[in-house]
Amino acid sequence: MNESRTAANPGSDVHVTPEGGGRPRREPLSRERIIRAALRIMDEEGLEAVTMRRVGRDLGVEAMSLYNHVRDKEDILDGISEEVLGDFRMPRADHWVEAARLTAHEFRRMLLAHPNVMRLITEREKPFTNPDSLQIYEYTLGLFRSAGLAPADAARAFHVFGGYILGSVTMELGLMVGGPRDEADAQSHQEMARLVASADLPRLREAMPFLMDCDVEEQFEFGLDLLIEGLRTRAASTSPSSPTR
């Protein structure tokens, strides 16, 4: 589909799509379209590729036209994080344990689909402006409260839970020792194994076979099991009369 700006106004924030009869169809810009274009660029080309000029080119308009709908690049980046969080699919489960597990997997899926958004989320300094992007917070805090945690502990659990998932995805994308994805990864792991074997590192040498064979799915579940058991113990010790569902 060819897209071009109107000849009468090349700086217009309306780009034109020719239709079958040759008559152009106007598609006005909107904040939503700008954010989604920027998200697509981030996923395909990386976070550094998201610039006003690059987004404008993707939409077929001059960069200056974007300022009618967004303040600046930082506003676009904030919008990307809100867009991704707003797409979080709330799990359905009868028990808080299953809900916590499904929530963790959904959050992990979301981050793996848009890995660059982790940097935006962790470095964000401005408040959220879209209530839809906060539903994941509301839902997660609610499930911790249903587990029997007091409000303060639910907030602490929220941070621990989110930190675990962010850290797991970060390691999965590049830092994890096991689970080589290609020949280069396998060679790097072999070099590390030789280094460990030649050094005075008995515990690491003992663990190397297990680290090398680490399955990311099993590792993620193992960590979730530890977190959930910890939450269950905390709830039972601080609020024994609180509901555990």
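Going through 138, 191, 218, 172 one at a time, which residue ends up being part of a helix (DSSP H, G or I) and either over 30 Å from residue 91 (Cα atoms) or in contact with a strand residue (DSSP E or B) (Cβ under 6 Å, 6 or more places away or on another chain) (or both)? Can you show your working first?
Values: 138 fails: either over 30 Å from residue 91 (Cα atoms) or in contact with a strand residue (DSSP E or B) (Cβ under 6 Å, 6 or more places away or on another chain) (or both); 218 fails: either over 30 Å from residue 91 (Cα atoms) or in contact with a strand residue (DSSP E or B) (Cβ under 6 Å, 6 or more places away or on another chain) (or both); 172 fails: either over 30 Å from residue 91 (Cα atoms) or in contact with a strand residue (DSSP E or B) (Cβ under 6 Å, 6 or more places away or on another chain) (or both).
Answer to the selection: 191.
Working only within the stretch 194-215, note down all residues that are assigned to a loop (DSSP other than H, G, I, E, B) and either within 23 Å of residue 105 (Cβ to Cβ) or under 29 Å from the mean Cα position of the chain (by Cα) (or both).
To start, the set of residues in the stretch 194-215 that are assigned to a loop (DSSP other than H, G, I, E, B) comprises 199-201, 213-215.
Selection gives 213, 214, 215.
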Considering only residues of the stretch 25-53 that are touching a residue at least 24 places away in the same chain (Cβ under 8 Å) and among the small types (Gly, Ala, Ser), which is farthest from residue 129 (Cα to Cα)? 46
Given 120, 141, which one is closer than 24 Å to residue 171 by Cα and aliphatic (A, V, I, L, M)? 120
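Is there a residue in the stretch 109-117 that is in a helix (DSSP H, G or I), among the small types (Gly, Ala, Ser) and closer than 30 Å to residue 218 by Cβ? So that I can check it myself, show each step before the final result.
So the first thing to find is which residues in the stretch 109-117 are in a helix (DSSP H, G or I), and the list is 109-113, 117.
Remaining after also requiring among the small types (Gly, Ala, Ser): 113.
Imposing the further condition that a residue be closer than 30 Å to residue 218 by Cβ reduces the set to 113.
Yes, because at least one residue in the stretch 109-117 is in a helix (DSSP H, G or I), among the small types (Gly, Ala, Ser) and closer than 30 Å to residue 218 by Cβ.
Quick test for you: out of 134, 149, 141, pick the one residue that is in the same structural domain as residue 173 (by TED's automatic domain parsing) and crowded, with 19+ Cβ neighbours inside 10 Å.
Of 134, 149, 141, the one residue that is in the same structural domain as residue 173 (by TED's automatic domain parsing) and crowded, with 19+ Cβ neighbours inside 10 Å is 149.
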Mind checking whether some residue in the stretch 78-97 is farther than 23 Å from residue 165 by Cα, surrounded by 14 or more Cβ atoms within 10 Å (Cβ to Cβ) and outside the structural domain of residue 234 (by TED's automatic domain parsing)? no
So, residue 226, is that one assigned by TED's automatic domain parsing to the domain that holds residue 102, over 27 Å from the mean Cα position of the chain (by Cα) and at pLDDT 85 or above or not? no
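Are any residues in the stretch 118-151 aromatic (Phe, Trp, Tyr) and either in contact with a Cys (Cβ under 8 Å, 6 or more places away or on another chain) or closer than 25 Å to residue 233 by Cβ (or both), and if so, which ones?
Of the residues in the stretch 118-151, the ones aromatic (Phe, Trp, Tyr) are 128, 137, 139, 144.
Within the stretch 118-151, 137, 139, 144 meet the criteria.
The values are calculated or read from the model by the stated rules, or taken from the named source; none is laboratory data. Treat the numbers as computed from the prediction; the structure is a model and nothing was measured. Note that we place each Cβ from the backbone using ideal geometry, even for glycine, and neighbour counts take in every protein chain shown.
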